[in-house]
């Protein structure tokens, strides 16, 4: 600990894609809880990752399953989170239900080794990087994306962006 500050908490992220369930489970070595952040926890293309199937498989190897896609999902039901039919992450970040979800995730990570799960393997094409990880980084968390080949990528802190406004 530096200067009496608490140790930095770590959260992992993973996307199941359409890999075999056994291969997915092998990527979770050391993880104690998988938090499902899919808005809809079902997959037509990879039924092994439907809620009941993945929950059962995880629990069979001693990993707890928790669903938070209702508050941390990338496609919320709240229409205020969309502009012209497209989701706007900044709008989600302002929602009380989202902030409570992030707080619950941080509380869980303070007790157990957590991985958040979505369907997209590439985190840079997924809300778990562009939304959830960015919120967690702002809270001082350390984030690692678990990739399909087993690599763990450390996520850098967000860079400050400058916004230019054009007045018409």
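The values are calculated or read from the model by the stated rules, or taken from the named source; none is laboratory data. Values in this document were obtained by computation on a predicted structure and should not be read as measured data. Positions of Cβ are generated from backbone atoms using ideal geometry, with glycine treated the same way; all protein chains shown enter the neighbour counts.
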Practice task
Only one of these is over 20 Å from residue 132 (Cβ atoms) and without any contact (Cβ under 8 Å) to a residue 60 or more places away in the chain: 25, 58. Name it.
Solution key: 25
Practice task
Inspect the range 67-76 for any residue being in a strand (DSSP E or B), touching a strand residue (DSSP E or B) at 6+ places or on another chain (Cβ under 7 Å) and without any contact (Cβ under 8 Å) to a residue 60 or more places away in the chain and give the result as yes or no.
Solution key: yes
Completion exercise
How many residues of the range 34-48 are farther than 14 Å from residue 75 by Cβ and either surrounded by fewer than 18 Cβ atoms within 10 Å (Cβ to Cβ) or without any contact (Cβ under 8 Å) to a residue 24 or more places away in the chain (or both)? The answer is 4
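Yes or no, residue by residue, for (1) closer than 30 Å to residue 30 by Cβ; (2) buried (at least 16 other Cβ atoms within 10 Å of the Cβ); (3) touching a helix residue (DSSP H, G or I) at 6+ places or on another chain (Cβ under 7 Å):
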residue: 72; (1), (2), (3): yes, yes, yes
residue: 114; (1), (2), (3): yes, yes, yes
residue: 120; (1), (2), (3): yes, yes, no
residue: 124; (1), (2), (3): yes, no, no
residue: 128; (1), (2), (3): yes, yes, no
residue: 140; (1), (2), (3): yes, no, no
residue: 143; (1), (2), (3): yes, yes, yes
residue: 149; (1), (2), (3): yes, no, no
residue: 155; (1), (2), (3): yes, yes, yes
Practice task
Scan the range 86-99 and give yes if some residue there is touching a strand residue (DSSP E or B) at 6+ places or on another chain (Cβ under 7 Å), surrounded by 19 or more Cβ atoms within 10 Å (Cβ to Cβ) and in a loop (DSSP other than H, G, I, E, B), otherwise no.
Solution key: no
Exercise for the section: Just name the residue that is surrounded by the most Cβ atoms within 10 Å (Cβ to Cβ) out of those in the range 55-66 that are touching a strand residue (DSSP E or B) at 6+ places or on another chain (Cβ under 7 Å) and not in a loop (DSSP other than H, G, I, E, B). Expected result: 58
Practice task
Select from the range 77-92 the residues that are free of Cβ contacts under 8 Å to residues at least 12 places away in the same chain and within 20 Å of residue 106 (Cα to Cα) and list them in ascending order.
Solution key: 90
Exercise for the section: Say whether the condition of being in a loop (DSSP other than H, G, I, E, B), over 21 Å from residue 146 (Cα atoms) and under 17 Å from the mean Cα position of the chain (by Cα) is met by at least one residue in the range 21-39. Expected result: no
Fill in the blank from the handout: residue 30 vs (1) under 23 Å from residue 107 (Cα atoms); (2) touching a helix residue (DSSP H, G or I) at 6+ places or on another chain (Cβ under 6 Å); (3) surrounded by fewer than 19 Cβ atoms within 10 Å (Cβ to Cβ): all pass except (2)
Completion exercise
In the set 128, 99, 75, 38, the lone residue that is at pLDDT 95 or above and within 20 Å of residue 152 (Cβ to Cβ) is 128
Fill in the blank from the handout: Conditions (1) over 19 Å from residue 135 (Cβ atoms); (2) in a loop (DSSP other than H, G, I, E, B) -> residue 52 fails only (2)
